[in-house]
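Notes to accompany the following structure.
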Amino acid sequence: MPPFADLGPKPLLGYTASILARAAERRNDEAFIQGCLVDKRCGVYAVGGELVVMRKGANGAEPLFGPDEARALAQANEKVFLGLSGQAPRFGLALDAEATKVLKERSDLLVTDLRTIAVQGLVALEHLAPLAEAKALLAWHARHRYCSNCGVKTEMVQAGWKRECPSCKVEHFPRTDPVVIMLAVDGGRCLLGRAGRFAANMWSCLAGFVEPGESMEDAARRETLEEAGIVCGEVKYFASQPWPFPMSLMIGCHARATSSDITVDREELEDARWFTREETALMFTGRHPDGITIPPPIAIAHHIIRAWVEQGDAVFS
């Protein structure tokens, strides 16, 4: 493959590289957890449904509150221990979703969704991964307050990392939904698709949930075949990304196409097509002749596509 123009410094992948030590071994230590809550260094992320509450500041938004400050914002539900930033404890607090919307009226607060926070760079990068952890874990609690085995209301234990049923004694642990997101490659071309929910002119990798009893590689092949009619052979893992909408893990990979005729599943995609490496490179610099763009740097799709533009077939090495 010929060399391509420099695309500039590689951006960080959103919601990754957490600075927190999760301190999982201390989650059963109630004295430790209570001590964390009265520690002057303790910081709490306040999440209400899809919204994050932050203080407005001169240099952006500040998402950390003291424990009492966070509880005073609105009616509170679950509180979960996220880990330690150095020696400073970090927690996530679930606020009532409707009460959180009302907080938008306060002039001292900024209340918005996590995607907007990441895309617009509203907080320091050190907060993105803990916010993703808090949102995903609190979303799990909101959907699992009752035992799926017997229907009795469950109790939160292990500082928010388990729920127990007092009736049938079944233990419930947080779940993460694995999703494959892949770029099918055919020599000097890559396959991109467009869904109706995408921003105007944005195209991206294909993606789909991994099914029970299915490997990552098989899921990538199946989803590419189902959505675009393209058969793939070799699948190479690239990277993963926690995606807290509400609690998925994006498993990024490249797939080598062994067929080229596209048949689009219109229930899943508006369209799918092959793009050359040259025109894909133009999407990164905003110079594609049709104004086509790719997902922003917070999304793993951006990084999967960029790796192929820069490395070509070497992504399979």
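The values are calculated or read from the model by the stated rules, or taken from the named source; none is laboratory data. Keep in mind it's a predicted model, so treat the numbers as computed, not measured. Note that each Cβ is placed from the backbone with ideal geometry, even for glycine, and that neighbours are counted across all protein chains shown. With ligands, DNA and RNA removed, areas are computed over all heavy atoms of the protein, side chains included. Shrake-Rupley method; radii C 1.70, N 1.55, O 1.52, S 1.80 Å.
Reported count of residues in the range 140-164, each being open to solvent by 10 Å² or more (accessible area, probe 1.4 Å), touching a residue at least 60 places away in the same chain (Cβ under 8 Å) and of a type in the set (Gly, Ala, Ser), is 2. Taken together, the residues in the range 204-245 that are assigned to a loop (DSSP other than H, G, I, E, B) and either aliphatic (A, V, I, L, M) or open to solvent by less than 40 Å² (accessible area, probe 1.4 Å) (or both) amount to 6.
Pairs meeting the criteria (first residue in the range 226-240 and more than 18 Å from residue 301 (Cα to Cα), second residue open to solvent by 20 Å² or more (accessible area, probe 1.4 Å) and assigned to a strand (DSSP E or B), beta carbons under 6 Å, at least 6 apart or on different chains) are 233/256; 234/256.
Residues in the range 62-73 that are surrounded by 16 or more Cβ atoms within 10 Å (Cβ to Cβ), of a type outside the set (Lys, Arg) and more than 20 Å from residue 122 (Cβ to Cβ): 67 alone. The selection criterion, being under 19 Å from the mean Cα position of the chain (by Cα) and either open to solvent by 60 Å² or more (accessible area, probe 1.4 Å) or not hydroxyl-bearing (Ser, Thr, Tyr) (or both), holds for residue 297.
Would you point out which residue out of 28, 59 is modelled with pLDDT under 95 and surrounded by fewer than 17 Cβ atoms within 10 Å (Cβ to Cβ)? After ruling out the rest, the residue left standing is 59. Screening the range 27-132 for helices (runs of 4 or more DSSP H) wholly inside it with 3 or more residues that are within 27 Å of residue 295 (Cα to Cα) and under 22 Å from the mean Cα position of the chain (by Cα) returns the ranges 114-120. If residue 198 passes every condition in (1) of a type in the set (Phe, Trp, Tyr); (2) over 11 Å from residue 179 (Cβ atoms); (3) touching a Phe, Trp or Tyr at 6+ places or on another chain (Cβ under 9 Å) but one, which one does it miss? Unmet condition: (3). Residue count for the range 174-191 under the criterion of being in a strand (DSSP E or B), touching a helix residue (DSSP H, G or I) at 6+ places or on another chain (Cβ under 9 Å) and not β-branched (Val, Ile, Thr): the result is 7.
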